[in-house]
Amino acid sequence: MISYSQIEDAYPNNERRLPSLPSEHSEVQTRPMCAFLGPLEVRTGGRTHTVGGNRQRTLLAALLVSPGRPLAAEQLYTELWGENRPPTFENSLQAHVYRLRRTLQQLAGPDGRAPELLTRSSGYVLELGGEETDAAAFRRLVGQARACARHAPERAHRLLGEALALWRGAPFQDVARGPMLQSVALALEEEQLCAVEDKLWLEIQLADPVHSIGELKRMRTIHPWRERLTEMLMLALYRTGRQAEAVETYNSTRRRLASELGMEPSLRLRQRLQQILNQAPSLDAAVPA
């Protein structure tokens, strides 16, 4: 997660610049071979393919969670059938593996590049031949953004934009999700939300915060308990000369926390309120260079 101090260190004298235009060179070198940040897709031969059959999609999705690493047959039984395994579940899994392997071979086309489904003593493994999934690309770009936020916030902003552009919907959107896929989907959705927050935080620091207010209000309505969104909205409102609205944003959050959860806002949020009430110089937005 990108912190306020990282941006302050990048611009120690409250100097802020508008984000530079995206570079023609993208950090995403190629389209990921397999994608599940949305509907499940296999991309090969210059085309995008879907996989038919609910259990076939679940099998492929489970193997894509950690490509290149064997997944135990026992885990696959649970993902495919849960507690209601058929009497011949071992043979049924082998049949599904055989059909999926044949499907992937057919998708390879003339160039022969498609995921390869292999049998191992410990289970099954999907090899992508050095390619990555869209989830792996998303995590890589977010990690790069956070690593460079201190010294190159404009680049960090661009990287986060590229990472979020990989999302096409909910993870495994068209897959019947077992316990493992459900857990992975929840983790990915949390990572996406953190990346959205990081991008909005950078936009407040680098550009005119008025452009972020509408999106922050929308996000805060959807996720009312994420105090980081409230903090960013307070800061953006203050920097656009709307101090009273910034204070009311805090007060409305405090009232809701008290009435619905019996809680007080976090220390960080209370400190941000005091800075706004005191018109702390550190909150002043500089005129872009």
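The values are calculated or read from the model by the stated rules, or taken from the named source; none is laboratory data. Model, not experiment: these values are computed from the prediction. So basically every Cβ, Gly included, is an ideal-geometry build from the backbone, and we count neighbours across all protein chains shown. Keep in mind that these areas ignore ligands, DNA and RNA; they rest on the heavy atoms of the full protein, side chains included. Shrake-Rupley method; radii C 1.70, N 1.55, O 1.52, S 1.80 Å.
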| field | Hydrodynamic radius (Kirkwood) for the chain, which is based on Cα pairs only, to one decimal in Å | value | 21.6 Å
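For the stretch 106-209, what class follows from the C-alpha gyration tensor (a ≥ b ≥ c being the square roots of its eigenvalues): rounded when a/c is under 1.5, otherwise prolate if a/b is larger than b/c, else oblate? Before the final figure, lay out the partial values.
Working: a/c = 2.62, a/b = 1.90, b/c = 1.38.
Cα axes put the stretch 106-209 in the prolate bin.
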| message | Starting from 0.36 nm per residue, how many nanometres of slack lie between TYR98 and LEU193 once their C-alpha separation is accounted for? | response | 30.5 nm
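Using the Cα gyration tensor of the stretch 23-145, with a ≥ b ≥ c the square roots of its eigenvalues, what is the shape: rounded (a/c below 1.5), prolate (a/b larger than b/c) or oblate (neither)? Could you put the intermediate results ahead of the total?
Details: a/c = 2.20, a/b = 1.68, b/c = 1.31.
Prolate, since a/c reaches 1.5 and a/b exceeds b/c.
Quick check for you: with a 1.4 Å probe and neighbouring chains kept, what is the accessible area per residue of the chain, in Å²?
Values: 14330 Å² over 289 residues.
Ligands and nucleic acids excluded, the result is 50 Å² per residue.
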| task | Take the alpha-carbon centre of the stretch 35-92, take the same for the stretch 148-216, and report the distance between them in whole Å. | result | 26 Å
| Estimated [θ] at 222 nm from DSSP helical runs (n ≥ 4, -39500 (n - 2.57)) normalised by residues in the chain, nearest 500 | -18000 deg cm²/dmol
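For a quick check of your reading of the filter: which GluC sites (Glu not before Pro) in the stretch 69-122 sit in a DSSP loop and have no more than 12 other Cβ atoms within 10 Å?
Values: sites: GLU74, GLU79, GLU83, GLU90, GLU116; in loops: GLU83.
Those satisfying the criteria are GLU83.
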| message | Under a Cβ-only charge scheme (Lys and Arg +1, Asp and Glu -1), can you give me the dipole magnitude of the chain about the Cα centre, in debye to the nearest 20? | response | 320 debye
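Mean Kyte-Doolittle of at least -1.0 and a Cα length of 30 Å or more along the axis: which whole DSSP H helices of the chain meet both?
Details: long enough: 179-206 (41 Å, 0.38).
Both cut-offs are met by 179-206.
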| query | Using a 1.4 angstrom probe with every protein chain in place, what is the largest-first accessible-area order of VAL142, VAL196? | reply | VAL196, VAL142
